[in-house]
Each structure stands twice: as structure tokens, then as C-alpha cells.
Amino acid sequence: MQNDQLTLASARGPSGPRSRRVLPAWVSTTALLLPTYGWLTIAVFLPLITMFVFSFLSATPMGKAPIVFTLKQYRAFIDQPYLVGIGITSLLIGFWTTLFCAVLGFLAAVALVRSAFGKTREMLLILILLPFWTNGLVRVFSWTMVLRENGFLDSLLHMVAPDAGSIGFLYTRYAIVVGLVHGYLPYMILTCYIALVTIDDAIIEAASSLGARWWTILFKILVPLAAPGLISGAVLIFIPVIGSFMEPRILGGRVGVTMGTVIEDQFTQAFNWPLGASLSFTLLAVVLAIFATFSGVLRRGTAA
Amino acid sequence: MTSLGRFYLIVILIFLYTPILVMMAMGFNASPLYELPFSFSTQWYEALWSNKVLLTAGMNSIIIALITAVLATMLGTMASVALSRRTFRGRSLLQLMLLPPIAIPWLITGTAMLIFFYWSGIGRGMHALLIGHVALAIPYVVLVVGTGFKTIRADLEEAAMSLGSTPVHAFFSVTLPLLYPSILGAALFAFAVSLDQFVISYFLATPGYTTLPVQIYSSIRKGFTPEINAISTVLLLGSMTVILIFARFAKPGDTSDKR
Amino acid sequence: MTNVKVNSVAKTYGTTPVLADITTEFTEGSFTSLLGPSGSGKTTLLRIVAGFIKPDHGMVMIGNNDVTDVPVWGRNIGMMFQSYALFPHMTIAQNVAFGLERRGIRGAQARKEVDRALEMVRLPGFGDRTPKQLSGGQQQRVALARAIVIKPSVLLLDEPLSALDRSLRQEMQVELLRIQRESGLTTIFVTHDQEEALTLSDKVAILDKGRIVQIGEPQTVYEKPLTRFAAEFLGDSNFLSGTVENGAVRLADGSLVRSTSPLPASGSRVTLAVRPEKMAIVSGDVDGNAMKARITTVIYAGPVLSYHLETADGLPLKLFAQNRDGVVLKQGDEITLGWSADHTVAVAD
């Protein structure tokens, strides 16, 4: 009768005898992971290891020249003291950029959470983050349009004071910082926003009901609770900034000499790869040290 | 308070967009030296059409971005499946290993790639660029797909299995269809990341084969011309469009049951 | 229609034993509730029967088949989840047909079976809708249809009604019972809601800390709990501790309490349980047990008046009285409680 097929199927169980055999889970897991991690090994990990080895060479290996291992590349800071100055410059640029991003970005995040709701907030978030995901080079270039002599800034000035000189400050350290802040600000806004958005409104209301004014709320409640966001944002900004070479070159011109540009020079001009490698690794060591120090906060701050 | 906040946000937006808008505008200004007053002209865009170097670089960028999107999405999705659905020793370590490409300054990664590709004979050029771009895009794919996984409840696969699906069948008939929006979003993301990638491309490009950002950089070093504004505007609008499409994808899909 | 047997099934996670040696049988066509607090192992037991969890040792039999080593998808079970787990990207009909398709039943015959199942859960014609368009109760019915259409050997329900609000829940309980009776499926139902367990089941199994504390018909388990835990978890109980003396129990305050349940040897300690609704306020001489107490709190709960009392010795007692005349007594009143020896149950600690 009609139920026969179904009864038979039930008795036999679904999927038939094939369902009994099961491949051990680790086989499929490995198959899924191998391509990705194999690729990353070739593209990232082996290169890093190779660069580490290279940093101990005395000169870029070319053709038949003998390979000599040495530590002299790592003594570069002692042998060439001007590097120390450059290192400090890079750190300072990193510091100022991060500081401005932190203040401006945190306040923007607060404004987003407290003053914008629903669709407006969504739209503002997208608008703020949109430039971040476009070409960094183009954004830096756009600042040259504004900061150069007779650029946008000067044009604005000359509209009100036609005889004034130029206030364009392209090719200065300030220009570099402005360009970097412009490039990385959305990052800080995002991390602070994520941290702030989880703060229960009721906490703020409770504080108000106990008599707190807006500055108390800001400094005693919002900042401490958003600290993970601030710290992760700071870390994730400081690190790329100290290694940047594009912004210093384009916005700083002759003044724009940083660790990043020095390293880049070794690979494109000076052809001293071992020195470039050792400087890179020194930079990497600084980066890893920062990560290690803040790893706990980072894991919580960027939980997405 | 609210209006103060709104005002501040507008100021921030002005800060973020003014340079960009200025740059775009100057691409339509006739003067080759960016001199004002402004007189509208599309000559620079017309000049682009005959600028073989820029056009080739642009084509290269798009081709590489497309291939990168496909490869990175495939590899990243597979890895994401294993990382999201399976538990095994060393999973945290593997997740950690996805950080270097995005956390380490690209200068370091780029120069490291240069060294390794030279020494191992892989060399520079299109294949090297692909290797680099895919490696950079994979972590983003894993992130986007991984987030998508979190919205799919595990008991859907269990329900499928209780009805007679093998785990493989359950994945393909239940999980994967629900994952499509995330996977597409990840592909768009990978495309955008590759299109905009400058630093790594800079080190892996050759005189014979470069990408658009690298070419723009060379042009800038030689001197500012409005042609650069024109091509930059095109690039900018291109990646903004891709990201906007991604934003539309990543939001609506509510793949969980209504309760 | 098949029975399900578990034999010496145990499961430990790390150093935490979740299920300790369970052996029991779920007879053909019966509706058994696994009742217990969270962490009692009831869900683990269900999932072992389903095949999602492999027991550390022991055997699971469905019908005459040893399915211990058979994975979930080979066991021919029907399962309902607390969160319904309907496939959001498929229509209702596709959802219900999913298991049929796995068994090679497609096309016209599948459609017929799907329609029949939807009618059985009183959702005829819903086939073309999607889960998003349905209410919680409707989704739950679809989940049920999906599970029974494949005519499984056993129906497993993992707290399926917990997410529904009260009236919907009661409605679904009635539906569930009706469908189970009509289809005759052996059903195992996990819940932490005692009322649900009592009203729906042929048998109730009380679990605590990975063990089946008591299993039996609802009336038996309720009227004659075997352990202190069973007496406390299912319903409410008053507990009286004392020493056995010549077939009765002498309490600390000297009073003698009689019980008709078997008592241990004279001289040993024993705990007696009396349910609050079995007690009554009495006056004068009384047949059976009696105790004086003072009212400490009166709780007006509508149909029932709940009294918290304390004896002179400080022993806390509870009394449930039917609300026939409204609130007559008040805090501080001294009353005498009376109850029968039949309702005094000796329980293991």
C-alpha cells in the first residue's frame, strides 16, 4: 500500500549503509586548513624568516659573492648615530598621531553614541568609515592639494585676505601628522565606538541622578569604560604609523625621513638589503613588544 | 548636548572629506598647475584614455583584484569552516596566525616578501603580487565569514542530522546557503583590499608589471599633474562603490528564525 | 513503534561526571518525561539516545538494533529542539520534506506525506510559507510535523515548549499529547517543568546529578517519592526527621508520627515527607498525625492559601489550603495541623 515505501525506508534507516562509515574528523579539518595556512606560510612566514636570516648578512647576496654572517647590521644604531634621531622622529610622529586620533576619535565616538540614533547613526558610521577602506595613497595625495602653496588652504585664506602670504604647510612634519591622523582617525572612532556602544545607558542615567555633570560623566565613567577601545585603537594606529613611509615621503618631502623611509631606501635605492632587514626586524621587535604588552586589552577590545 | 555632538560629527566629516573633494574637484580644473579661478574641463579624463601606462596599470589592478577575491574567498571560507565549526587543539594558535598579515606594518611584510621571493626564485611580477595580495586578503575573509557563522545557529545542522543528513550534506544543504551573503561580502572585501593595496605591490611590482596605486605613486614622485587627480578619483569612486555594496550586503540578512 | 533501551550508559566530561550508569527502558508507544534541574543530565541522556553524544561506555538499543555506534543520521529518530531549528531558507513544505528526501521519497508521494503531516498538526495549506512568516507556536508545530512525517522509531523532544508563553504552551501540550496518542510513537520528553511532566507523561523519570532518582507513573512518583530530592523537586514537601520506635517515628520534640510506608529498623534515623496539601487545619481530637504550629506568613495566591508555619521547636512547615472562605487566619495564630499516616512517606536522603 502507499505506506510501504515509507515503512521500508524507516526500517532501513535514512541514507542506507553508507551512513555507517565516517571519515575521521581530523582528515577533513586538515584538508580545509592546509591550503590557507600553506599559502600564508609561503607568503608571510617564510619571508619573515628569510628576512631574519638576511639581517645577519654583511651584504646583499649577489651572484657569486661569498656569504658572510655578521651582527653588524644590528649595530647600525651605534655605527650610524643619525639613525637614532630618525628613530626618535618616527616615535614622535607616532605619538602625536596617536594622541590626536585618540582625542578627536574618542569624542567622535561619544558623539555617535549620544547624539545619533537609528538610521542617522548607521549612515554616519558608514560615511566615517568609507574613506578608511579606500586607497591610502590617494587620500595622502589629496592632502597635498590642500596643503601646498596656492592649494586649497591658501585659496581659502586669499578669499578673505588676498595679500597674505602662504599658510600652506606641505613638506613639514606637521603635514605628515595631519595626513596620518586623517588616514587613521576612522580606526580610532571605530574601536571607541564599539567599546562605548556596549555601555548601558542606565549607568549614565544613574550617574546623572546622583548629581554628576557632563565632565564628570565623561572623564570618570565614559573614558574608563571605553579604555579597551582607546587602547586597542592606539595600538593599532601607532604600529602602522611608526612604519609608514608613504605619508612622510609625499607630505614631508625632504623633511620626511622616518624609519619607514630609511628601510624603504635600503631596498629601492641603497640596495643594502641586510641593513633594511635588520632595521625592519628591529621595528618588528618594537611592534611585537607593544602587542605583547597590550595583548590582554586587545583581545577584549577588538572582539569582533 | 545632542546638537553639540551632531555639530562635532559634521566637523569631523568635513575634515575627512574636504581633501578628497578638493582633489576630485581639481581633476576637473583646466589649469595644469592647479591654478584658480576654477574652469571646468574634462581634458584630464580624456588624457587618461590615451595614457597607456596608467590604463594598463589599472587593468592589472582589476585583474589581480578579481583573482585575489576568488582565491582568498575560497581559501578563507574553507579555513573559516574549520575554525568556526571544529574544535581542536591549536585552534587559538591558528587564529592567532591570521593576525600577522594585517597587524604587522606592510612595510615589513612587503620587504620580507621581496627578499624571500628573490632568494627562492619566485621573483617579482604578477604571480608575486597575487601571492602577496591573497595572503593579505585571507584574514579579512576569515573574519567576515567567521562572523557570518556566528549568526547561524548550530542546532540547524543538528536538526538536519537528526532527519538523516550526514554532516557533509547538512553543511551543503543548510549552512552553506545561509552563509552566501557573508561569502559574497567577503569576496567584495577582498576585492577592495586588493584594489587599494599599495605598499606590498610597491615592492613586488616590476617596471613591466605594476598596479594602479604603484603607478600613481611614481607619477606623484615625478610631480603633480591633474591627470593624477583624474585617475585617483576613478580609483576612489571604484573602491567606494565596492565597499558600499558590501555594506548593504553585510547588514540586512537576518538568517536566524524569528522568535 | 519500537522501544528504546539504554544499558549502563555513562558520560564524563573531563573530570565532571554528567551521567552515571543509567539503565532503563522506554516502552513501545509510551510517553516518558525526563525531569530534573539543569545539570541533572537529562539533556545529555536524550542526546545520547539521539546519537549526538557518544557515551563513555554502555549500550543504546532502538528496537532490536544496537545503535551505540551508529551516528545520528543513521538512527531514524525524530527530534524537536527548543529553538524549533526550522531551516530559514526553505519553505515549510521543504522543511517538512527534508527527512523524506533523505530517505529517497520525493515528488508526488513526498507532497502527499507532507500535506498529511501538516494536517495532523493543524496547519493545512501552510506549505508555501516561510518560517519567518510564522508565529512561535506555528513554527513549533511545523517542527513537530517535520519530525513525525518520517515515521521515526522514537520521538525525542528537548524542552520544545520552554520558549512559548503560558497559554500557548498549554495549547501545545494538548496537541502534543493528541498527536502522540494518534501516532503511537515512543516519546522521550526532556523538561524542567513539573506540571508539564505530570500532565503529559505515562512515565516520569526524575534525574539528579546524572542519576535516575525515581521512575514511574506520575501519580506514583508524586504520591510516593523515594528520596528527599524527589519529594522536594516535584511539588513541595515538609520534612520531619526522627528515630524509629516501635513502628512509629519519634521526633526531636518528643511527638510521635505514624507512617504507612515501610520504615527501617528500630533505632535508626529516618526522614519523613508530607506534602503541604495533604495537611489540614484541625481542632479537637484527631485520627492520624497532628502537630501544633504558629502561622508566620499567610500568602494569598487566589485559589490556594499558602501558610508558612513554625512549630515550638522552630521546625518550619508549609500548608496549602483550598480557598473556600477567603483569608480567615492571620500571622501569629496558633493552629493544629492534621494529616494521615498514609500521606507520610519515608524518603531516603
Report summary line: Inside the range A:254-294, the number of residues satisfying the requirement of being closer than 14 Å to A:T89 by Cα, among the hydrophobic types (A, V, I, L, M, F, W, C) and more than 11 Å from chain B (Cβ to nearest Cβ) is 2
Requested in this report: Taking the options B:S31, B:S41, name whichever one is away from every other protein chain (no Cβ under 11 Å) and over 25 Å from the mean Cα position of the chain (by Cα).
Outcome: B:S41
Query raised in the report: Which residue, of C:E232, C:E196, is among the acidic types (D, E) and under 15 Å from C:S40 (Cα atoms)?
Result: C:E232
Query raised in the report: Based on what the data block shows, is C:G99 in a loop (DSSP other than H, G, I, E, B) and in contact with a Gly (Cβ under 9 Å, 6 or more places away or on another chain)?
Result: no
Query raised in the report: Of the residues that sit in the range C:278-319 and are of a type in the set (D, E, K, R) and assigned to a strand (DSSP E or B), which one is nearest to the chain's Cα centre (by Cα)?
Result: C:K318
Report task. Can you give me the ranges of the helices (runs of 4 or more DSSP H) entirely in the range A:181-277 with at least 2 residues that are of a type outside the set (K, R) and without any contact (Cβ under 8 Å) to a residue 60 or more places away in the chain? Result -> A:201-209, A:223-242, A:259-268
Query raised in the report: Within the bounds of the range B:159-176, is there any residue that is at positive phi and either in contact (Cβ under 8 Å) with a residue 40 or more places away in the chain or surrounded by 20 or more Cβ atoms within 10 Å (Cβ to Cβ) (or both)?
Result: yes
Report task. Could you grab me the full set of residues in the range A:41-60 that are more than 8 Å from every other protein chain (Cβ to nearest Cβ) and among the small types (G, A, S)? Result -> A:S55, A:S58, A:A59
Report task. Tell me the strands (runs of 3 or more DSSP E) entirely within the range C:134-252 that contain at least 3 residues that are buried (at least 16 other Cβ atoms within 10 Å of the Cβ) and within 16 Å of the chain's Cα centre (by Cα). Result -> C:154-158, C:186-191, C:203-208, C:211-216
Query - Residue pairs meeting the criteria (Cβ under 6 Å; at least 6 apart or on separate chains; first free of Cβ contacts under 8 Å to residues at least 60 places away in the same chain, in the range C:155-184; second of a type in the set (K, R)) - result: C:L161/C:R169
Requested in this report: Within the range B:225-237, work out how many residues are surrounded by 20 or more Cβ atoms within 10 Å (Cβ to Cβ) and within 11 Å of chain A (Cβ to nearest Cβ).
Outcome: 8
Requested in this report: Give the residues of the range C:53-74 that are crowded, with 20+ Cβ neighbours inside 10 Å and more than 7 Å from every other protein chain (Cβ to nearest Cβ), sorted by residue number.
Outcome: C:P55, C:V60, C:I62, C:V67
Report task. Could you pull out the residue among B:L94, B:L156, B:L107, B:L163 that is over 22 Å from the mean Cα position of the chain (by Cα), modelled with pLDDT of 90 or more and at the interface with chain A (Cβ under 8 Å from one of its Cβ atoms)? Result -> B:L163
Query raised in the report: What strands (runs of 3 or more DSSP E), lying completely within the range C:1-73, carry at least 2 residues that are among the hydroxyl-bearing types (S, T, Y), under 24 Å from C:L176 (Cα atoms) and touching a strand residue (DSSP E or B) at 6+ places or on another chain (Cβ under 9 Å)?
Result: C:31-35
Query raised in the report: If we keep just the residues of the range C:102-133 that are in a loop (DSSP other than H, G, I, E, B) and in contact (Cβ under 8 Å) with a residue 24 or more places away in the chain, which is farthest from C:V174 (Cα to Cα)?
Result: C:R103
Query raised in the report: Is there a residue in the range B:49-57 that is crowded, with 16+ Cβ neighbours inside 10 Å, assigned to a helix (DSSP H, G or I), modelled with pLDDT of 85 or more and not polar (S, T, N, Q)?
Result: yes
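The values are calculated or read from the model by the stated rules, or taken from the named source; none is laboratory data. What you are looking at is a predicted structure, and each value in this text was computed from that prediction instead of being measured. Cβ sites come from the backbone with ideal geometry, for glycine too, and all protein chains shown count toward neighbours.
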